[in-house]
Structures are given as C-alpha cells and as structure tokens.
1. Gain in length, Gln217 to Ser195, computed as 0.36 nm per residue apart minus the alpha-carbon separation, to one decimal in nm?
2. Starting from the Cα of Glu31, step 7 Å along the direction of its Cβ; do the same at Gln131; then give the gap between the two resulting points in nm.
3. Which of these, Arg82, Arg42, Arg316, has the largest mean-square fluctuation under a Gaussian network model of the chain (Cα springs below 10 Å)?
4. Could you give the nm distance between label points at Glu79 and Tyr302, where each point is 7 Å from its Cα heading toward the beta carbon?
5. Taking every pair of distinct Cα atoms and averaging 1/r, then inverting, what Kirkwood hydrodynamic radius in Å comes out for segment 62-205?
6. With n ≥ 4 as the cut-off for DSSP H runs, can you work out [θ] at 222 nm for the chain, using -39500 (n - 2.57) per run divided by the number of residues, rounded to the nearest 500?
7. Which value, in debye to the nearest 20, describes the size of the charge dipole of the chain about its Cα centre when Lys and Arg Cβ atoms bear +1, Asp and Glu Cβ atoms bear -1, and nothing else is charged?
8. Calculate, in nm to one decimal, what Gln204 and Asp98 gain on full extension: separation in residues at 0.36 nm each, minus their alpha carbon distance.
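The values are calculated or read from the model by the stated rules, or taken from the named source; none is laboratory data. Worth saying up front: this structure is predicted, and the values here are computed from it rather than measured. No Cβ is skipped: glycine too gets one built from the backbone with ideal geometry, and neighbour counts run over all protein chains shown. These area figures cover heavy atoms from the full protein model, side chains too; ligands, DNA and RNA do not enter into them. Shrake-Rupley method; radii C 1.70, N 1.55, O 1.52, S 1.80 Å.
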Amino acid sequence: MRTILLAVLLSLTLGCARAQTLPELTMQAEEPWRETISAYGREIQIDVTPVVPDTEQMGIYRVTTVDVQKVEGNSPVRETVRKKRGYAYRTKPSNVYDDAQSLDPDSRAYGNPLTTGGALDLAQGFAQSVQVQGVEIALEQITIHSPFYIFNKNTGEWGEQLYEDEVGTYHFEFGFSLDGVTIRNSGNLWLDSSSYTFDEPQPQIPYWIGSAMIGEQDYRMYGMSAPSVLEQTTQDVQFAPLEATKASLRSLAERGLLRDVVSMELVYAGFDCGEGEVWELRPVWQCEVEIYYDAEADESDYGWNKNYSNVITDARTGEIVQKFWADGVEPGA
C-alpha cells in the first residue's frame, strides 16, 4: 500500500511541476545530476550533466527517408599475397578527426594523390546535392585509413606496405539535425525483458546515415539515407520535468539493473507511423547507461566488459520507450 501511495504522490508531483517550455527545461538541466543509489549491495554513483539543445522550442514532425547511393570509378584489384607464418597483413590504426579544422587541407592520406582539402570538397559537394526538406546535413567525423602493411606478430613491429602502389583512403561521416536539434538513431537500445511482449507487431525503426569514401585513383563511394520533413504536426512540445526521466532511470538502478549513467541528451528520434517509409520525429531523452538484464549480472557475464546501452525516455512524459510507435498508432488493429 505504501508503494502505491508513493507512486501516486510522485505522479501528482510530476504533473504539477510540468515544464511548459524548452527554456524551463534548460534551466532544470543546468545543475548536474549527482546522486548515490544503494541497491543489491552496490553503491551506484550518478554524476551526469543533461545536454539540452540551444533552441527555443521543439516540435513533432512527420518525415520520410531520402536515399541516394552513388559509386564512381573502380576499386583497384590486386593479387592475393601468400601469408607467412608469424606475419599478418593489417592496416595501421586509423586517424580520426571530429571536424575539418583539425586537418591540414594540403595533407594527403598516405600518399593519396588527392589532398585532404580536395577530398573534403568532394564529400561536402555530395552532401549538398542531397535534396531534403527542413533537415540540416553536417560533417561529423573524418577518418583516414592506411594501406595494408606487413605486421610482425612476434615483435609487434610494422614492416613495409603489402602493395607498393596502394594509398590511404578518406572516410567522411555526416549527421542530421532539425531546429538545431540532433536527430539520433535508436541503435543499441536496451529493452526491459520483464515487460516486453515479443509476439506483438514490432515497429520499424529508421536508420539514417550519410558517408563518403574517397579511395584510390578515381574510386568514390557515396551513400546517404536522410530524413526529410513532410509536415509539422505539433509546433511547440510541452515537456515533462527532468525529474520524470531521472525517476525512470532511478527505478532501473533500484531494481539492480542500471549501474551508471554516462550521458543524457535531448534529441529527436524516429517512430513508426505504420505507413511504410513515413516516420514520426519527436523529442526524447537518449541516455547512455551501463545496464544489465537482471540484478545479479555484471561485466563477468559479458567477457569482463561493461555492457553499455541506450535507455530512451519520451521527453513529454519521462516514461521509458519500449516500442517506437508513433502517436495514435494501434499495431495490428
């Protein structure tokens, strides 16, 4: 009975404290969430600062997907080299950059005839050619891959290139935003197996990605799967207070499942409208957490690696999203 009363009181408290605007929610997020939760013999230390986009409001949209794939030139074909005992053929660790300003535009990827600046112009030219409505496409990451080298597994030393004429490759990755708000894919999603019904119709979650691979000679490979706005159905969303999402995460910690909160970010995510390639885009809290499927599990069950997943909450209610159905959709009806 006490548990029921507490739940009712919490519900009333959250309802009364409902944040009406994004600026109000921004003010709530200015203070880091620091809390210690004791559960199942563990002390769970939460120390995270929620990230809210720098914009005045967020809406709800219906979007479709624009797909563009393009390949230019031919990938060089080389003879397979017979392997030697104790040696491997590997690429060196890739060089990763978060923005173009970190790169010298006159540099070259391991002897690639095309400069970094030239490759960047090609990649951005492709991104600008993709026709989407309302959505911004921006460069997120640049990776430079090396040719294959001979690697001595016994000494850990790098030898000569496997193919003398091979050069490095540029890889550009793009992301998407709307209203100045990042659009995220809902990959690596944690689902509560205790309440998840697997025999119900499953939503189709969109996966949006953009990339350009600038390789050797004249070989170019471009690909873009991007959201594009069809219409705006809600102009200014009303948000639940940040405490509602904290309460959802806190409940997972008290059940012994959640062990850490790495990040919390207010973003847009896609929901299945049940109409083919049409999605509902709405605000969610994407929370990267260390989490398991039962209170007794730990990293030893995952090869001594901590298990990190995304817990998603609906920013309008703070409730954990289990199935990505758009508002008003009745699966199987």
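1. Working: separation 22, 0.36 × 22 = 7.92 nm, distance 5.37 nm.
Taking Gln217 through Ser195 to full extension adds about 2.5 nm, to one decimal.
2. Placing both labels 7 Å beyond Cα along the Cβ direction yields 5.1 nm.
3. In this elastic network of the chain, the residue with the biggest mean-square fluctuation among Arg82, Arg42, Arg316 is Arg82.
4. My value for the distance between the label points is 4.7 nm.
5. When all Cα pairs of segment 62-205 are included, the Kirkwood radius is 19.3 Å.
6. On the way: 4 runs with 50 residues, N = 333.
Calculated from helices alone, the mean residue ellipticity at 222 nm is -4500 deg cm²/dmol.
7. Details: 25 positive and 51 negative charges, 185 e Å.
About 880 debye.
8. Numbers: separation 106, 0.36 × 106 = 38.16 nm, distance 3.03 nm.
Going from the current span to full extension adds 35.1 nm.
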